[in-house]
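Novice: Please read through the structure below; I'll follow up with questions.
The values are calculated or read from the model by the stated rules, or taken from the named source; none is laboratory data. Everything numeric in this text was worked out from a predicted model, so none of it was measured. Every residue, glycine as well, gets a Cβ built from its backbone with ideal geometry; the counts of neighbours run over all protein chains shown. These accessible areas exclude ligands, DNA and RNA; they are computed on the full protein's heavy atoms, side chains included. Shrake-Rupley method; radii C 1.70, N 1.55, O 1.52, S 1.80 Å.
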Amino acid sequence: MNRSNEPAAPGAGHADSLAALRAATDSRHQQLDSGLPIGAPGATLDDYAGHLRMLQAWLAPLQAWLAGFEDGPRFDQGRRLALIDADLAEPGMPAPPEPAPAPQPAWPRDASPAWRWGVCYVIEGSQLGGAVLYGRLAERLAPHPLRYLKGDTAGPGPRWRTFMQGVREQVDTPDAIREASAGACAAFDAILALAPHAATPACSASAEKRA
């Protein structure tokens with residue numbers, strides 16, 4: 001984050017925004033990754049089913065919320081949700097456990113574009129580990145096709161680079177960086193509430209949600 005009122009050097013806004021988003025969500029990211037059953041060495045098809053249902057409960061309301069804006073990030077999650085549906089409908093997929101996932105928060109209808117870029121930072125970033133998990137689980141969980149983890153043939157890299165180009169162009173001031181950090185913090189809080197470990201770290205002062 002820029003520490004003065006001087007104009008940022010070319011490219012500095014992008015570097016600062018990425019560093020701020022990482023810093024604002026670091027403890028949440030570590031907490032989520034360390035406790036997800038799908039990442040354990042002995043992950044099972046039951047773990048994959050639970051992982052998909054968690055993502056579905058998180059992504060579906062976010063997709064509907066983001067679609068209500070005419071500005072800001074435009075990264076449709078329809079295909080990812082369709083892959084989740086297909087995986088959950090695959091023969092042999094375990095039935096959902098009880099109780100149902102916790103309800104998601106009411107996402108703010110007046111959220112700024114920068115706040116929404118922060119939310120999308122978490123959504124898009126969540127897809128980066130799919131290829132790694134697919135390589136680890138494809139043989140063990142066969143014949144399930146693991147469509148969601150496999151994703152696009154080209155992998156998540158091209159989409160992520162497009163996303164980061166948007167961050168470079170749109171989240172390039174101290175105020176926008178603070179807003180984006182708050183949005184990212186809220187997006188992690190929402191998925192942590194659905195994860196097996198629901199406790200959430202306190203939001204850092206630099207990433208407090210806007211009033």
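Novice: Apply 1/(1 + (r/R0)^6) to the Cβ-Cβ distance of ARG140 and GLN165, taking R0 = 25 Å, and write down the FRET efficiency to the nearest 0.05.
Specialist: 0.10
Novice: Could I ask something else about it? Order SER112, SER27, most accessible first, counting only protein heavy atoms with a 1.4 angstrom probe.
Specialist: SER27, SER112
Novice: Hey, another quick one. So what's the projected area for region 39-155, the Cα convex hull averaged over all directions, in nm²?
Specialist: So the Cα hull casts an average projection of 8.0 nm².
Novice: Per 10 Å bin, what is the whole-percent P(r) computed from every C-alpha pair distance within region 26-100?
Specialist: 16, 39, 34, 10, 1
Novice: Right, something else. For LEU88 and ARG109, calculate 0.36 nm times their separation in residues minus their Cα-Cα distance, and state this gained length in nm to one decimal.
Specialist: 4.5 nm
Novice: How would VAL132, VAL167 rank on accessible area, largest to smallest, probe 1.4 Å?
Specialist: Of VAL132, VAL167, the descending order of accessible area is VAL132, VAL167.
Novice: Plugging the Kirkwood radius over Cα pairs into Stokes-Einstein for region 61-119, at a temperature of 4 °C and a viscosity of 1.567 mPa s, what D comes out in µm²/s?
Specialist: Estimated diffusion coefficient is 94 µm²/s.
Novice: Could you give the length gained by full extension between ASP71 and ARG22, i.e. 0.36 nm per residue of separation minus their alpha carbon distance, to one decimal place?
Specialist: 15.3 nm
Novice: Can I ask one more? Evaluate the charge dipole of region 35-170 about its Cα centre and quote only its size in Debye, nearest 20, assuming +1 on the Cβ of each Lys and Arg and -1 on the Cβ of each Asp and Glu.
Specialist: For region 35-170, the charge dipole is close to 320 debye.
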